[in-house]
Amino acid sequence: MNPRLDFFGNALAAKVMRHINSAGRAVTDSGLPHTTQELVKIRASQINGCGFCTDMHVKDAAAAGETPVRLHLVAAWREASVFTEAERAALELTEQGTRIADAAGGVGDDVWANAAKHYDEDQLVALVALIAVINAYNRINVINQQPAGDYRPGQFG
């Protein structure tokens, strides 16, 4: 499989990605737990069918010490007992924020209230921004048919 565009070699693509990467770094450096960040990125990428991002974030999470059991159960988090209540709230917000077009009302008040029980305002800002950023990455990679499987942890810095 070959990508439709060379996003790693095109000057305009590099400029666009620098801005998205900058937003991503702001989230990475926030008070939102790193483990939660990776779970959110994995779940949104699974929903969006982004193999490139799923590959990247599963490998990065594993390299950071995430357990294989939790990684295997992200897609079935509702039935899994291995996630904290805070992580579950973040995963639910991720699902509703990613599938925003599927629900006329967007993200439900109950889902927001549950997330707000576990995260302070800065962490909620980071969580909302992270959901938006990973969805942007997913869309670029899915539209471009960016191949998955060759990512090495830490490859992009």
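The values are calculated or read from the model by the stated rules, or taken from the named source; none is laboratory data. Predicted model only: the values in this text are computed from it and were never measured. Glycine also receives a Cβ, built like all others from the backbone with ideal geometry; neighbour counts cover every protein chain displayed.
Step by step: first the residues of the stretch 39-83, then only those that are outside any helix (DSSP H, G or I) and in contact (Cβ under 8 Å) with a residue 24 or more places away in the chain, then the one that is surrounded by the most Cβ atoms within 10 Å (Cβ to Cβ). Which residue is that? Working first, answer last.
Taking the stretch 39-83 first, the residues outside any helix (DSSP H, G or I) are 49-50, 64-67, 80-83.
When the remaining residues are screened for being in contact (Cβ under 8 Å) with a residue 24 or more places away in the chain, the result is 49-50, 64, 66, 83.
Numbers: Gly49: 11, Cys50: 24, Ala64: 12, Glu66: 20, Phe83: 19.
This residue is Cys50.
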Of the residues in the stretch 84-116, those that are among the hydrophobic types (A, V, I, L, M, F, W, C), surrounded by 13 or more Cβ atoms within 10 Å (Cβ to Cβ) and modelled with pLDDT of 95 or more come to Ala86, Ala89, Ala90, Leu91, Leu93, Val111, Trp112, Ala115, Ala116
Inside the stretch 26-38, the number of residues satisfying the requirement of being under 22 Å from Ala148 (Cβ atoms) and without any contact (Cβ under 8 Å) to a residue 24 or more places away in the chain is 1
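Are any residues in the stretch 117-131 surrounded by fewer than 16 Cβ atoms within 10 Å (Cβ to Cβ) and outside any loop (DSSP other than H, G, I, E, B), and if so, which ones? I'd like the intermediate steps shown before the answer.
Quick first cut of the stretch 117-131, residues surrounded by fewer than 16 Cβ atoms within 10 Å (Cβ to Cβ) only: 117, 120-122.
Within the stretch 117-131, Lys117, Glu121, Asp122 qualify.
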